[in-house]
Amino acid sequence: MIKSPISYKETYKSAIEQDPSSQEKLIPVKNVKANILMIVGEDDLMWDSFAMAKKIKEQNPNAKIYSYKEAGHIFAGNGVLNLGRIRIATGGTTEGNDKAKSESRKTIAAFLKENHK
């Protein structure tokens, strides 16, 4: 019996923890000169995007993180993606995802206006 909805977050976390070369596989962003914007939901149940964004920020302090409480992976609906026979937990609440979707669009527009004239 498969628990529904399926959450992949622990699978990703376990894979990283069990891979002795996981640190070598990180995308090197220390010397990236591009402007980096990361928008994440703090309740992402697909993978730990907030923790990964913080790792990028550690390598490149100029990177910007905008995180949203009660928001999941796709900023949509009640945090469950229904794909017919499979239900995937994406995280967040309806209110949190709606707020993150709205605010992140404004954040992206402001970031692009500021950094890509």
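Search region 43-76 for residues being acidic (D, E) and closer than 19 Å to K101 by Cβ, and hand back the single one that is surrounded by the fewest Cβ atoms within 10 Å (Cβ to Cβ).
E70
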* Asked: Only one of (1) polar (S, T, N, Q); (2) modelled with pLDDT under 90; (3) not in a loop (DSSP other than H, G, I, E, B) fails for S4. Which number is that?
  -> (3)
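What are the residues in region 13-41 that are of a type in the set (A, V, I, L, M, F, W, C) and not in a strand (DSSP E or B), if any?
Within region 13-41, A15, I16, L26, I27, V29, V32, A34, I36 qualify.
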* Does L81 satisfy the condition of being of a type outside the set (F, W, Y) and buried (at least 17 other Cβ atoms within 10 Å of the Cβ)? -> yes
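Taking region 8-35 as the search range and keeping residues that are under 15 Å from the mean Cα position of the chain (by Cα) and surrounded by fewer than 17 Cβ atoms within 10 Å (Cβ to Cβ), which one is nearest to R87 (Cα to Cα)?
Only one residue fits best here, namely Y8.
The values are calculated or read from the model by the stated rules, or taken from the named source; none is laboratory data. Treat the numbers as computed from the prediction; the structure is a model and nothing was measured. In this analysis, Cβ positions are derived from the backbone assuming ideal geometry, glycine residues included, and neighbour counts consider all displayed protein chains.
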